[in-house]
Amino acid sequence: MFFFCDREKKNILFLRIFYFILIFIINLKAFASQEKLIIAHRGASGYLPEHTLASAALAFGMKADFLELDVISTKDGHLIVMHDLTLNATTNVEEIFPERSDINGNYYSMEFKLEEVKRLGVNERSKKRKSTQLFPERFPNKHTFFKVPTLEEIIKLVRGLNKSHGRMMGLYIEIKGFAIHKKFNLNPVEKLFEILDRYDYREVTDPIWIQSFDSEVLKLMRKKYKTKLRLTQLIGENRWNLSKTDFDYLKTSNGLKEIATYANGIGPWMQQVVSGRSITGDLKLTAIVKKAHELNMIVHPYTIRADKLPSYADSFNHLLHIFFNQVKVDGIFTDFPDHVFEFIEKNKKRKNIFKL
Ligand code: G3P
Ligand code: CA
């Protein structure tokens with residue numbers, strides 16, 4: 001009897017080990033064959049004002065794999081989709097609420113209730129002087145008939161499109177300015193997880209990534225909120241003064257090792273991946289992608305724009321060739337998901353469409 005139980009236990013153990021090895025191999029294969037991700041940066045923002053429902057729908061139509069979203073909070077704790085902490089550059093707030101700016105002319109979103117934000121029109125991003133566009137060739141910024149969406153409205157839109165088209169576009173959400181939110185007594189991280197939980201985004205396999213430039217925010221998400229969702233550590237430059245995060249350290253081998261303890265990948269600035277050309281004309285590639293891959297982290301650099309090419313690239317396709325075929329990143333944040341889709345499709349058909 002005892003002998004039989006022992007054998008049975010051994011069999012169960014053997015089956016368990018076999019099962020885990022099988023799952024490991026399947027996951028490894030799935031990872032190895034993973035497609036390059038097209039992450040629509042603030043929607044199809046090369047064509048329509050960023051972070052609008054229209055821009056998100058267009059990104060879906062252009063076959064983006066993920067929709068990138070920046071979220072901030074209103075005074076009454078609602079998460080809205082907006083890149084800046086102020087409403088100045090992308091809305092007509094100065095026209096609607098002329099008396100509400102601070103002494104520097106700033107309109108912080110955290111000073112406005114959702115009902116007030118909803119009275120604003122969204123325009124194509126302006127430079128400081130309101131009349132000039134940051135990207136002059138994009139959608140005319142005189143039109144303000146778009147609205148600021150809430151995170152929930154975007155989620156409903158994306159899930160609706162996923163259902164009606166039978167194709168999945170995931171979400172790639174960034175919390176902006178956590179420290180400033182704290183000064184306003186707001187906790188956008190808690191609110192984010194409350195919303196995501198309500199829409200069943202919980203598991204590592206769910207079609208969602210969370211990103212932040214602030215390493216403390218990501219550690220908080222992993223340790224305090226115990227999220228299983230995939231996290232990306234965005235890497236900026238210390239001179240940008242985004243948070244207390246030391247990007248010079250994060251870019252080192254030790255820094256990257258530390259990131260790998262709480263995140264699944266990194267989102268470096270594109271200049272941190274390709275820094276230019278040497279005097280002999282060779283591309284200067286940094287080691288950041290290789291090092292991150294050695295730590296089993298994915299790499300999604302930002303932001304690849306057809307209307308803002310770096311000097312080392314002759315064309316947008318050339319730039320994509322460098323990032324996808326030479327540097328071998330796993331996906332990119334782009335304002336032009338359609339061009340990236342076309343490039344990837346052509347690459348699949350002919351091993352390498354770009355001849356150097
Ligand atoms: O989140 C990736 C990229 O969007 C980071 O830069 O300033 O556009 O949020 P930013
Ligand atoms: Ca972002």
Completion exercise
Taking only the alpha-carbon positions of the range 84-152 as identical scatterers, the Debye log10 I(q)/I(0) at q = 0.13 Å⁻¹ comes out as -0.34
Problem - Reciprocal mean inverse distance between Cα atoms of the range 230-311 - Kirkwood radius, Å - result: 13.5 Å
Completion exercise
Checking LYS244, LYS147, LYS219 against a Gaussian network model of the chain (alpha-carbon springs below 10 Å), the top fluctuating residue turns out to be LYS244
Fill in the blank from the handout: Long-range amide H partners of LEU234, meaning residues 5 or more apart or on another chain whose placed amide H is closer than 5 Å, are SER212, PHE213, GLY267
Completion exercise
Relative contact order as a percentage, the range 151-240, C-alpha pairs under 8 Å and 6+ apart, gives 26 percent
Completion exercise
Note to self: C-alpha centroids of the range 43-73 and the range 234-278 sit apart, in Å, by 25 Å
Fill in the blank from the handout: Using alpha-carbon positions, the gyration tensor of the range 186-335 gives root eigenvalues a ≥ b ≥ c; with a/c under 1.5 called rounded, otherwise prolate if a/b exceeds b/c, else oblate, the class is prolate
Exercise for the section: Please list THR91, THR286 in order of solvent-accessible area, largest first, computed with a 1.4 Å probe with all protein chains present. Expected result: THR286, THR91
Practice task
On the protein heavy atoms, probe 1.4 angstrom, tell me the percent of accessible surface of the chain carried by carbon and sulfur.
Solution key: 57 percent
Exercise for the section: Kindly give the semi-axes, whole Å and largest first, of the ellipsoid equivalent to the chain, taking each as the square root of 5 times a Cα gyration tensor eigenvalue. Expected result: 36, 27, 21
Completion exercise
With +1 at each Lys and Arg Cβ and -1 at each Asp and Glu Cβ, the charge dipole magnitude of the range 116-275 around its Cα centre, to the nearest 20 debye, comes out at 460 debye
Fill in the blank from the handout: Note to self: with every protein chain in place and a 1.4 Å probe, the chain gives an accessible area per residue in Å² of 52 Å²
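Calculated from DSSP H runs of 4 or more alone, at -39500 (n - 2.57) each and per residue, what is the 222 nm mean residue ellipticity of the chain, nearest 500?
-10500 deg cm²/dmol
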Practice task
Considering Cα pairs under 8 angstrom that are at least six residues apart, work out the relative contact order of the chain and quote it in whole percent.
Solution key: 17 percent
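The values are calculated or read from the model by the stated rules, or taken from the named source; none is laboratory data. Worth saying up front: this structure is predicted, and the values here are computed from it rather than measured. So basically every Cβ, Gly included, is an ideal-geometry build from the backbone, and we count neighbours across all protein chains shown. We work out accessible area using only protein heavy atoms, side chains counted, and drop any ligands, DNA or RNA first. Shrake-Rupley method; radii C 1.70, N 1.55, O 1.52, S 1.80 Å.
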